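Structure, as structure tokens:
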Amino acid sequence: MSRVGVVSWGAYIPKYRIRTEEVARIWGDDPLRIVDVYLVDEKSVEGLDEDAVTIAVEAARRAIRRAGIDPRRIGAVYAGTESKPYAVKPISSILVDALGLSNNVFAVDMEFACKAGSEGLVAAIGLVDSGRAEYGMTVGTDTSQGEPGEHLEYSASSGGAALIVGKDGVAAELEAMYSFVSDTPDFWRREGSPYPMHGEGFTGEPAYFRHIVGAAKGLMEKYGYKPSDFTYVVFHQPNGRFPVRAASMLNIPMEKIKPGIVVTHIGNTYNASALMGFARVLDTAKPGDKILLVPFGSGAGSNAFVFTVTDLIAERQKTGVPTVEEMLRDKIYVDYAQYLKMRKMIKLFE
Amino acid sequence: MRHESVPIYWRNIPHYYRLVARRCKRCGAVYFPPVAKCRCGSTELENVELPREGRLVEYTVLHQVGTDFLKQKPLIVGLVELSNGVRVAGQIVDAQPDKLAPGAKMEVVFRRVIADGKHGLVMYGYKFRPVGGI
């Protein structure tokens, strides 16, 4: 029995992709400029019969398969999303029955823009560390919204990532965590509104950078870390430029953040964004590696976590569960009309 | 448009979500969808979760489909033999019909099956897709 940490991880990326140039072609933007601004070449698109629930189930099933544990030992399950198919009816309770958990399980959906999934991680860590649950699970899942023709459309994408937390069989031990939250109106979606609003110049400095850097710096100061302590650093990835700049502000070299960057291939999966990058790093990490993980959610806040990879990582990497890298390569391209159909954006009689 | 009722959907959740079948305690026969009585006459059956991998036995492509599936044309429906030998029919997704072939490795996926209009229940269940992509 070791300290609390991540026992297992699972990720899911829908197979469909749309190229940035295809979106730019429809809306009269210069594709080269758009790719240069956001560093997103293509993004993932959910199938017609997929949503945040189905994506969460697939990611969670993979995490359970990798862990090799009886799902009835999971005592808490949290879903972090901003793409709930229901305004009222939880994803987490569907997870309970789809995954075969016991009915004696703490379950709730969390909302804090893109940070909710990582807040589920905090809650699961708390329950497991206090001995009130043997294992806890969090899933970040989204079919992110972006208004057609608006800049968010170039990145808003679909995917999910699940983490199982426990004290037994830990593959990445938790060393420290730290939060940084303030009321920052950088991005929001009102009740009933189909697409979010965001302040163009407001999303960077006062929101993403202040909170990511605030959480990372706060953690390093409080617990005595320096950038050179980390083998990998994973940030929330709304586009390809922001995490690179955050790294530069924290004096973290590029080679430490590159392995955890997935946004260039699949766009911003919102609640799965940083967790997907974390999963990609765990897919190849070695014992002793130290990982700084800093998700971010608009509104705004960041959690910073430090994990140290244990000897059990090799066992978890050999379970045959699809890696993030394999999923990045496994794709079917769609055109803009198919994309609109799959995203259920064509108005139909129902 | 008539859909499966909410109570029927709710009762079927274990087999829609997790392929929970019934196995005869006397002769070992496995039934999916679940049944109340075995061919051998026994009514002593237990729940068993089916494996989530298998091979495609045969498939067909439907161009004339039911009302709930009109927007998904063409619909691929196939018979999959799971790794324990149980055969299950279901929709095949994330596949190009002309590239599918009997024997293809398949996996069970969790998908939306029917959404009852704009305000009703979204009903989820199992479907199949090729492993590794086709």
Here, B:ALA101 and A:TYR336, labelled 7 Å along Cα→Cβ, have an inter-label distance in nm of 3.8
Going by how many other Cβ atoms sit within 10 Å of their own, how do A:ARG245, B:ARG18 line up, fewest first?
-> A:ARG245, B:ARG18
Which values, in whole Å and largest first, are the semi-axes of the equivalent ellipsoid of region B:6-130 obtained as the square root of 5 times each eigenvalue of the Cα gyration tensor?
-> 26, 20, 11
Using alpha-carbon coordinates alone, the radius of gyration and Dmax of the protein assembly as shown in Å work out to 22.3, 73
For region A:173-309, just the Cα atoms, rotate onto the principal axes and tell me the three extents in Å, largest first.
-> 46, 32, 24
With chain A treated as a Gaussian network of Cα nodes joined by springs under 10 Å, which of A:ASN303, A:ASN104, A:ASN239 yields the largest mean-square fluctuation?
-> A:ASN104
Mean separation of Cα contacts under 8 Å, 6 or more apart, over the residue count of region A:191-346: relative contact order % | 24
What average count of beta carbons from other chains do you get within 10 Å of the Cβ of residues in B:88-94?
-> 2
Highest GNM mean-square fluctuation, chain A, Cα pairs closer than 10 Å: which of A:VAL281, A:VAL324, A:VAL88?
-> A:VAL88
Report ³J(HN,Hα) in whole Hz for each residue of region A:302-308, in order, from the Karplus equation J = 6.51 cos²θ - 1.76 cosθ + 1.60 where θ = phi - 60°; Gly and Pro get x.
-> 9, 10, 10, 10, 10, 10, 10
Over region A:88-182, with a single point scatterer placed on each C-alpha, what log10 of the ratio I(q)/I(0) does the Debye formula yield at q = 0.10, 0.14, 0.20 1/Å?
-> -0.34, -0.63, -1.09
Whole-Hz ³J(HN,Hα) from phi, Karplus 6.51 cos²θ - 1.76 cosθ + 1.60, for region A:171-179, glycine and proline x = 9, 9, 7, 6, 9, 7, 8, 7, 10
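Antiparallel DSSP bridges in chain A: what percent, to the nearest 5?
Details: 40 of 59 bridges.
The antiparallel fraction comes to roughly 70 percent.
Read-outs throughout are calculated quantities, based only on the coordinates presented, and are distinct from any laboratory measurement. Quantities reported herein were computed from a predicted structural model and do not represent experimental measurements. No Cβ is skipped: glycine too gets one built from the backbone with ideal geometry, and neighbour counts run over all protein chains shown.
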